[in-house]
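Here the structure is laid out as structure tokens; the discussion comes afterwards.
The values are calculated or read from the model by the stated rules, or taken from the named source; none is laboratory data. What you are looking at is a predicted structure, and each value in this text was computed from that prediction instead of being measured. For neighbour counting, all protein chains shown are included, and Cβ atoms are generated from backbone atoms with ideal geometry for every residue, glycine included.
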């Protein structure tokens, strides 16, 4: 196969590799991946429906959970057409413009999920460390302002580095290492000066994902300090149980990101399949697991979903 220079941006095409070396098994991968995406959409829709229809769940904790579910749904929507398109044999290539748009949504939604998890950690901190003032601090107006701030932060930070992708000169083989577009994949194919992209992207990760994770950790240090001063062991356990769902969601989000970063940085010698699998886990695992986590670990959600299905079954 020959590769042409992408000097004409409107006709730029990139090949999505899918699962390299396992193309003959694409249909076998298509079935479970389709099931996973269906579960992602149904699970997060169910969480949103329960929160919207149950008045007792109209609290800051569940509003943040609704933001998380909406973010997860959008993450699934941003990748479903290329991932399933490749596996079912409908898509093999993607245009530069579509690739840039997908990259923007993937990275922007990752920043949004990190921001929501940070807001949830502070919500847990206030609920445990200052319970008497919780309802007066976490008002609906305050939650709305936090939601707008999260949206602005997530949508406005990445455009400078994403837009610049449009004006890079791509002369290397146009093979993306995933079933979707990531910024780090595109700049590897560029022959232009990518120092701005590299420095800005690193700074962005440090100022968002890394900073958020440090602040989340700090909030739990304060929570543990407060909980340790509670005399009753039962009360300590009860207080910490309210954080289990959030801690699980944080781990489900950050562990795949760390794994994918390590693979991209230090795993050049690894099989391309490893890169694809880590990328798929990073994209699909949090949206799949978060509804399950909150369904199992949050009593209010569990009870309401149980009532919903028992009502439908009666």
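For the reader, a short list of remarks on this structure follows.
- Within segment 227-242, the set of residues being loosely packed, with under 14 Cβ neighbours inside 10 Å and in a helix (DSSP H, G or I) comprises 228, 233, 234, 235, 237, 238, 241.
- Comparison of 288, 222, 273 shows that the only residue that is in contact with a helix residue (DSSP H, G or I) (Cβ under 8 Å, 6 or more places away or on another chain), in a helix (DSSP H, G or I), farther than 22 Å from residue 112 by Cα and touching a residue at least 60 places away in the same chain (Cβ under 8 Å) is 222.
- Residue count, segment 271-314 (criterion: closer than 13 Å to residue 245 by Cβ and over 18 Å from the mean Cα position of the chain (by Cα)): 8
- Helices (runs of 4 or more DSSP H) wholly inside segment 102-176 that include at least 1 residues being farther than 17 Å from residue 203 by Cα: 134-137, 140-156
- Extreme residue, modelled with the lowest pLDDT, among residues of segment 7-41 that are under 30 Å from residue 307 (Cα atoms) and surrounded by fewer than 11 Cβ atoms within 10 Å (Cβ to Cβ): 32
- Considering only residues in segment 139-163 that are more than 21 Å from residue 71 (Cα to Cα) and within 25 Å of the chain's Cα centre (by Cα), the one that is surrounded by the fewest Cβ atoms within 10 Å (Cβ to Cβ) turns out to be 163.
- Any hit, segment 243-250, residues being over 22 Å from residue 18 (Cα atoms), out of contact with any helix residue (DSSP H, G or I) (no Cβ under 6 Å at 6 or more places or on another chain), touching a residue at least 24 places away in the same chain (Cβ under 8 Å) and part of a helix (DSSP H, G or I): yes
- Matching option when the condition is touching a helix residue (DSSP H, G or I) at 6+ places or on another chain (Cβ under 8 Å), modelled with pLDDT under 95 and crowded, with 18+ Cβ neighbours inside 10 Å, among 91, 100: 100
- Checklist (1) over 30 Å from residue 21 (Cβ atoms); (2) without any contact (Cβ under 8 Å) to a residue 60 or more places away in the chain applied to residue 185, failing item: (1)
- Some residue of segment 205-214 being surrounded by 16 or more Cβ atoms within 10 Å (Cβ to Cβ) and over 30 Å from residue 177 (Cα atoms): no
- Answer from 201, 119 - the residue that is more than 30 Å from residue 87 (Cβ to Cβ), surrounded by 13 or more Cβ atoms within 10 Å (Cβ to Cβ) and in contact with a helix residue (DSSP H, G or I) (Cβ under 7 Å, 6 or more places away or on another chain): 119
- Qualifying residue in segment 233-246 (condition: at pLDDT 90 or above and either closer than 14 Å to residue 113 by Cβ or in contact with a strand residue (DSSP E or B) (Cβ under 9 Å, 6 or more places away or on another chain) (or both)): yes
- Residue list for segment 64-83, restricted to those being surrounded by 19 or more Cβ atoms within 10 Å (Cβ to Cβ) and farther than 16 Å from residue 291 by Cβ: 78, 79, 80, 82, 83
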